[in-house]
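Inspection log for the structure reproduced underneath, given as structure tokens.
The values are calculated or read from the model by the stated rules, or taken from the named source; none is laboratory data. All values reported here derive from a predicted model rather than from experimental measurement. Backbone-built Cβ (ideal geometry, glycine too); neighbour counts: all protein chains shown. Side chains included, ligands, DNA and RNA excluded: accessible areas come from the protein's heavy atoms. Shrake-Rupley method; radii C 1.70, N 1.55, O 1.52, S 1.80 Å.
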Amino acid sequence: MELQELARQAVLQEYRLPYGEADGLPIEKPDYETPSELLDLVKLAVRVTGMDFGVINIITADQQHQIAAVGVDAGVCSREDSMCSRVFTSGSITAVADASLDPRFSDSPFVNGGIADVRSYASMPLVTEEGYALGSLCVFSPRVLGLDADQREGLEILARQVVEIIELQFRTRQLVEALEVVRRSNEDLAGFAARVSHDLRNPLTAILGYTELSEQDSDVEASGPAARYFSIIRGSASRMLTTVEEVLEFSRIGGAITRRPVRLTTMMHAVLQDVLPLTSSCDAVVTLQDAELRVDEAQVTALLQNLVSNAVSYSTPGCPPHIEVMAAVGDTQVLRVIDHGKGIAPEDRRRVLEPLVRLHRDGDPAGSGIGLATCARIAAAHEGSITLTETPGGGTTVTIDLGPA
């Protein structure tokens, strides 16, 4: 099938119009609601030209579909009966004062009384940027009228606007469909990650258990090579199990949330209880600026725990970590976690928000690269986002938009 025909069918699908064989009736009224943007352009075309009626036609291999109409009901007719089908591939405006005197139209049922008694007629082809002729913007009247140069130019301008709206609406639908595909793909991926992580956790736990039992076996010399091998196995399995647990948590988080009023101090109390051994061992100082937020308490607590743990883990060697946590509520709810540690290079700030991305810098602690990706997912679930910037004087400032209050 030629590309022009595919383009016309795509437009009809966009406006939910049937595409198929005619049923023998000269005009069939489609069951759909005319887009207001197109209807306004047809109204303006009628007013500019002084005609009585106006339509936007999409012309396929065998039919003419009216997707917007003023003064008449939008309908479908055969391409053979259509007046516009005879000139819409010309690439230029067609305007006649009396169609009954024009050999191109005199035998049309829209002119000879079979369907209507059109006399004055003007149409401008609807041509896309790729050069595909979709149909026409058409105005007509039972009266004999002519168009002056300004009226012709006005009709040409309006036809270009019709094409822009059709293409914009078509591309918008394509984008919506693409986003839906991505959403379903992400859900499938999260489900797959959850299943795989769950399946891996049990054998890894078994490996750790048997390794510990082997290390305690009296037949294994504490200073021998077997003990060293078991220690390596236990360390590797422990790291893998931690990664599996984090991937499983990442697959669960986000999605549906339950917003409730909660104070930042309440969530930070739980966070500090969990990370207390980490903060105490390095004399970390955490300051807090409180506010009441409407968020999913469990998910935002997990977000804060990740960010505070990171701020401690990636602090500047030899300097006690100083972490500031603050919230502000306006048009949106904003959290900031500010540290004065190693910082993140500008070219890496977007990349580290992706799952399983680590920077592998000298002196950095071991990790899976899931934490910041989890934070980004929590922010997205709250209709917000997360950005990383440099703290004045060095370090990283994490700004989390948590959506409307």
Original post:
Can you spot a residue in the range 271-294 that is open to solvent by less than 50 Å² (accessible area, probe 1.4 Å), modelled with pLDDT of 90 or more, of a type in the set (A, V, I, L, M) and within 20 Å of R377 (Cβ to Cβ)?
Top reply: yes
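Table: residues versus (1) open to solvent by 80 Å² or more (accessible area, probe 1.4 Å); (2) under 17 Å from D40 (Cα atoms); (3) modelled with pLDDT of 95 or more.
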| position | (1), (2), (3) |
| --- | --- |
| L134 | no, no, no |
| V139 | no, yes, yes |
| L145 | no, no, no |
| I165 | no, yes, no |
| F170 | no, no, no |
Original post:
Among I386, I344, I338, which is modelled with pLDDT of 85 or more, over 18 Å from V312 (Cα atoms) and surrounded by 19 or more Cβ atoms within 10 Å (Cβ to Cβ)?
Top reply: I386
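Out of V87, V96, report the one residue that is over 41 Å from the mean Cα position of the chain (by Cα) and of a type in the set (A, V, I, L, M).
V96
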**OP:** Please determine, by comparing only the residues of the range 310-334 that are within 17 Å of T391 (Cβ to Cβ) and among the polar types (S, T, N, Q), which one is modelled with the lowest pLDDT.
**Re:** T316
Original post:
If a residue has to be in contact with a Ser or Thr (Cβ under 9 Å, 6 or more places away or on another chain) and either assigned to a loop (DSSP other than H, G, I, E, B) or modelled with pLDDT under 85 (or both) to count, how many in the range 40-70 make the cut?
Top reply: 4
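From E37, E21, grab the single residue that is closer than 14 Å to L137 by Cβ, open to solvent by 50 Å² or more (accessible area, probe 1.4 Å) and modelled with pLDDT under 90. Walk me through how you get there before you give the answer.
Details: E21 fails: closer than 14 Å to L137 by Cβ.
Within the list E37, E21, the selection yields E37.
Please work out if G369 is modelled with pLDDT under 90 and open to solvent by 60 Å² or more (accessible area, probe 1.4 Å). Steps first, answer last, please.
Numbers: modelled with pLDDT under 90: yes; open to solvent by 60 Å² or more (accessible area, probe 1.4 Å): no.
So G369 fails the test.
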**OP:** For D102, indicate whether it is surrounded by fewer than 18 Cβ atoms within 10 Å (Cβ to Cβ) and within 20 Å of V48 (Cα to Cα).
**Re:** no
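Looking only at the range 279-313, count how many residues are in contact (Cβ under 8 Å) with a residue 60 or more places away in the chain and of a type in the set (S, T, Y).
To start, the set of residues in the range 279-313 that are in contact (Cβ under 8 Å) with a residue 60 or more places away in the chain comprises 293-296, 299-300, 302-303, 306-307, 309-311.
Now narrow it down to the ones that are of a type in the set (S, T, Y): 309.
Here the count works out to 1.
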Original post:
Residues of the range 389-400 being surrounded by fewer than 19 Cβ atoms within 10 Å (Cβ to Cβ) and either of a type outside the set (G, A, S) or touching a Gly at 6+ places or on another chain (Cβ under 7 Å) (or both), which ones?
Top reply: T389, E390, T391, P392, G394, T397, T399
Original post:
Which residues, taken from the range 299-331, are under 16 Å from G393 (Cα atoms), among the hydrophobic types (A, V, I, L, M, F, W, C) and surrounded by fewer than 21 Cβ atoms within 10 Å (Cβ to Cβ)?
Top reply: C319
Original post:
For the range 106-128, how many residues meet the condition of being touching a strand residue (DSSP E or B) at 6+ places or on another chain (Cβ under 7 Å), open to solvent by less than 20 Å² (accessible area, probe 1.4 Å), part of a loop (DSSP other than H, G, I, E, B) and within 18 Å of F53 (Cα to Cα)?
Top reply: 1
**OP:** Say whether the condition of being of a type in the set (D, E), surrounded by fewer than 22 Cβ atoms within 10 Å (Cβ to Cβ), more than 22 Å from T34 (Cβ to Cβ) and touching a residue at least 40 places away in the same chain (Cβ under 8 Å) is met by at least one residue in the range 55-78.
**Re:** yes
